[in-house]
Amino acid sequence: MTRVSRRTFLTSLLLAPTLTMAVSQKATAAPAEMDLGDVLVMAGRPTEHLLVVIDVRADGTVGLELPRAEVGQGLTTSLAMLVADELDIPVDAVRATLADARPELLFNQMTGSSNSVRSMYWPVRHAAAAVRARLIAAAAVRWAVFPDSITLSGGVVEAADGRSAGIGDFAVAAADPLLKIVPSQPKSTDQLRLVGTPTRRSDARAMITGSTRYALDLDIPGALPVVVRRPPSIGGTVTDVDEDALRAMPGVVDVAVVPTGVAVMAETFGQAIDAASAAVVTWAPGPVDAENDETIRARLRDAVEPFTTTGELEAGFDFAFVSHAAMETNSAVADVRSDSAEIWGSMQTPIVAKQVIAGVLGLPVSKVSVHVVNAGGSFGRRLFFDAPLEAARISRAMGRPVRLMWTRVDDMRHGRARAASHHRFLVRTDGQKVASFEHRIFSVATDFSHGFGEILTASGSSSSGRSVFSQTVVTPYSFGEVIESLREVPLPMNTGSWRSVFSATSRGAAEVVVDRIAAKLGIDPVQFRRAHLGDARHRAVLDAAARESGWGAPMPDGWARGVGFHAEYRSCTACVVDMDATDPKRPRVRRAVIAVDVGKAINPSGLEAQMQGGLTDAISTTLTAGLHIDAGLPLEGSFSQFHFARQRDSPPEVRVIVIDSSDDPGGAGELGVPSAVGAIANAYERATGSVVASFPISFDIDFEPFPR
């Protein structure tokens, strides 16, 4: 564990009646080759000493305040496990909470890019180790013994002579700033007992029993339901509205015109929705009224530049816009007064949200409080704080607290989406191996204006999509000359990072091309990949997935097996799926085997869930789920129209093989999508004998769109 020995930590004691601690560390050198996760860790390094706050309470529980968002990824459980392991306490004794926006953290309060565990792993462990040292020191003083005669186990401090007490009994004494402590270090990997064991999520019961409190569950005095009537196309604005008619609707309390539409407050959400739907509004057009699927596809294809190499294998793919489609639609609560504001919502970039909202309201940043609450999903959507900002505007306009909810139709039509893209490949072989591999991507520009761009700029990187692309999308194969490029086409659509950002499309499509190269050379797809993977970890996950899936075994007629591989954020995974395409119009993934290596897997159960989630996203967006654009607006407005995978579309058998190691954790949240996209598309091509050129593969408008 050389990394531990290279770090030197200072402990700092916060002013509190009981033990509350944070840690600081001296910066370590940046890795020679930095990926996006490394860039984010380095950007947060100057404020890392403020990052983690742990407090020991008199009742023996331990508080862990996290400057990150819990959006269903299980982060609070994983980090609570780190604290519990260092302190030798039960994991359910750790109370993880989400911190409000903390501007003093600068670039260190963003949740995204599979970075949370990577950036919090050592700070949390060092903070917990420091707490442990203080508890033992306090017990040694009270019992007049040497610290090395004290043990801490199961939340109990015990002296060699048999005296014992719970850690809560030392919460006050351990906070004494004059206490002499023995310098502490986190445990070595072989001393960890909880980390690495499958652990049930600490918030699972609350979620499934409905007791988890999301933004709209908060009881903020005076906050009434609000729904916004939105324009018939993206970016349209209000010219006129019959407010008198709206105010006469049952239950309507207030009406306000805001930049995004007409806000209607009512006694209930049902009344607000009914009134907003009945509103008579005159709209000014939006900036993309003339755009539809055909025009956008033409824009992307027109951007294609000539290849700089020659080759004999060409391929092209189109990817549609994709909604984040989180189960909880955008929502927020806001209470804006003349001299202050208080906002509640799930935000992955709360510092920027606080600053922007303060600017819009004309208030000092110090007068705006931004509270981060749990979210029912995100997949990158809540990097933007659209609902909190809109709620703040509405609260100011109405002069009262508001509970804002986006309807499902709002969420799909006016929410953010993964940008549509077009991919072109040109490959040259020498008859036995790949000599050159060129991949050009042409995409509607992805919006990174939620603060992510500023972090990249501060780290010395460009804030453009191309910078993100170059630090995340890497061909893992030895393919001779490899050229990968992204060209973004400006178009004022509502775009945003979707799970795995550029990798799901870029690496997913590339894995299809890899299969076609293997077929052209007459080599088995797994063997072809293995021969061109230079990293032993990469080969190990590919071997595990192939072996456990029974790769090479015969399949029934109309069935096929497909493979995909992906590496990013210092992690890697391979996916093999069995597809039943006996009905080519309704192909089904019947089985999936996923091997994954993220270094140290803190909670293998959580990692398995991440891989299953990535697989489900891949099944959906590869086969059926996308957004059609017509006259500047997505047609899809519900899950009945946005064909995300249903329970019946999920494979009856999914096996996740976790390859654990002592390496520092890599990223996991976005890892599982690209390899599964490739595996599913490859299985479809093999089962049907067709050539896939557009995703999702089945993308008909088989519904009646809701009125605009």
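The values are calculated or read from the model by the stated rules, or taken from the named source; none is laboratory data. Since the structure is predicted, the reported quantities are computational estimates derived from the model, not experimental observations. With ideal geometry, Cβ positions are generated from the backbone for all residues, glycine too; neighbour counts draw on all protein chains shown. These area figures cover heavy atoms from the full protein model, side chains too; ligands, DNA and RNA do not enter into them. Shrake-Rupley method; radii C 1.70, N 1.55, O 1.52, S 1.80 Å.
Figures for the structure shown
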item: Residue match in segment 626-641 (condition: polar (S, T, N, Q), in contact with a helix residue (DSSP H, G or I) (Cβ under 6 Å, 6 or more places away or on another chain) and either free of Cβ contacts under 8 Å to residues at least 60 places away in the same chain or under 30 Å from residue 493 (Cα atoms) (or both)); result: yes
item: Out of 405, 327, 347, sole residue that is open to solvent by 10 Å² or more (accessible area, probe 1.4 Å) and either in contact with a helix residue (DSSP H, G or I) (Cβ under 7 Å, 6 or more places away or on another chain) or over 26 Å from residue 113 (Cβ atoms) (or both); result: 405
item: Residue match in segment 301-312 (condition: among the aliphatic types (A, V, I, L, M) and either crowded, with 17+ Cβ neighbours inside 10 Å or within 29 Å of the chain's Cα centre (by Cα) (or both)); result: no
item: Selected residue [in contact with a helix residue (DSSP H, G or I) (Cβ under 8 Å, 6 or more places away or on another chain) and in a loop (DSSP other than H, G, I, E, B)] from 664, 700; result: 664
item: Number of the exception - residue 649 against (1) open to solvent by less than 40 Å² (accessible area, probe 1.4 Å); (2) without any contact (Cβ under 8 Å) to a residue 60 or more places away in the chain; (3) charged (D, E, K, R); result: (2)
item: Count of segment 214-237 residues which are loosely packed, with under 13 Cβ neighbours inside 10 Å and touching a residue at least 24 places away in the same chain (Cβ under 8 Å); result: 2
item: Subset tally (residues that are of a type in the set (Gly, Ala, Ser) and either under 14 Å from the mean Cα position of the chain (by Cα) or under 16 Å from residue 319 (Cβ atoms) (or both)) for segment 676-685; result: 3
item: Single residue of 260, 237, 189, 197 found to be hydroxyl-bearing (Ser, Thr, Tyr) and within 24 Å of the chain's Cα centre (by Cα); result: 197
item: The one condition in (1) at positive phi; (2) of a type outside the set (Phe, Trp, Tyr); (3) out of contact with any Phe, Trp or Tyr (no Cβ under 7 Å at 6 or more places or on another chain); (4) buried (at least 20 other Cβ atoms within 10 Å of the Cβ) that residue 68 fails to fulfil; result: (1)
item: Those strands (runs of 3 or more DSSP E) lying entirely in segment 476-587 with at least 3 residues of a type in the set (Gly, Ala, Ser) and at pLDDT below 95; result: none
item: Unique residue being over 20 Å from the mean Cα position of the chain (by Cα) and of a type outside the set (A, V, I, L, M, F, W, C) when the list is 331, 340, 323; result: 340
item: Identity of the residue in segment 458-473, open to solvent by 50 Å² or more (accessible area, probe 1.4 Å) and part of a loop (DSSP other than H, G, I, E, B), that ends up modelled with the highest pLDDT; result: 460
item: Complete set of residues in segment 342-372 that are more than 23 Å from residue 40 (Cβ to Cβ), outside any helix (DSSP H, G or I) and of a type in the set (A, V, I, L, M); result: 343, 363, 368
item: Filtered residue count, segment 651-669, keeping only those that are modelled with pLDDT of 95 or more and polar (S, T, N, Q); result: 0
item: Residue that is farthest from residue 503 (Cα to Cα) [pool: residues in segment 362-388 that are without any contact (Cβ under 8 Å) to a residue 40 or more places away in the chain and buried (at least 19 other Cβ atoms within 10 Å of the Cβ)]; result: 363
item: Any hit, segment 394-406, residues being in contact (Cβ under 8 Å) with a residue 40 or more places away in the chain and closer than 27 Å to residue 501 by Cβ; result: yes
item: Single residue of segment 476-512 satisfying the filter (without any contact (Cβ under 8 Å) to a residue 60 or more places away in the chain, open to solvent by less than 20 Å² (accessible area, probe 1.4 Å) and not aliphatic (A, V, I, L, M)) that is farthest from residue 452 (Cα to Cα); result: 479
item: From the options 260, 237, residue that is of a type in the set (Ser, Thr, Tyr), out of contact with any Pro (no Cβ under 7 Å at 6 or more places or on another chain) and more than 29 Å from residue 123 (Cα to Cα); result: 260
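To keep it simple, each residue is scored yes or no on (1) of a type outside the set (Phe, Trp, Tyr); (2) at pLDDT 95 or above; (3) closer than 19 Å to residue 20 by Cα.
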| residue | (1), (2), (3) |
| --- | --- |
| 61 | yes, yes, yes |
| 64 | yes, yes, yes |
| 69 | yes, yes, no |
| 75 | yes, yes, no |
| 79 | yes, yes, yes |
| 91 | yes, yes, yes |
| 99 | yes, yes, yes |
| 107 | no, no, no |
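Okay, residues lined up against (1) farther than 25 Å from residue 668 by Cα; (2) among the polar types (S, T, N, Q):
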| site | (1), (2) |
| --- | --- |
| 83 | no, no |
| 88 | yes, no |
| 95 | no, no |
| 108 | no, yes |
| 120 | no, no |
| 127 | no, no |
| 145 | yes, no |
| 148 | yes, no |
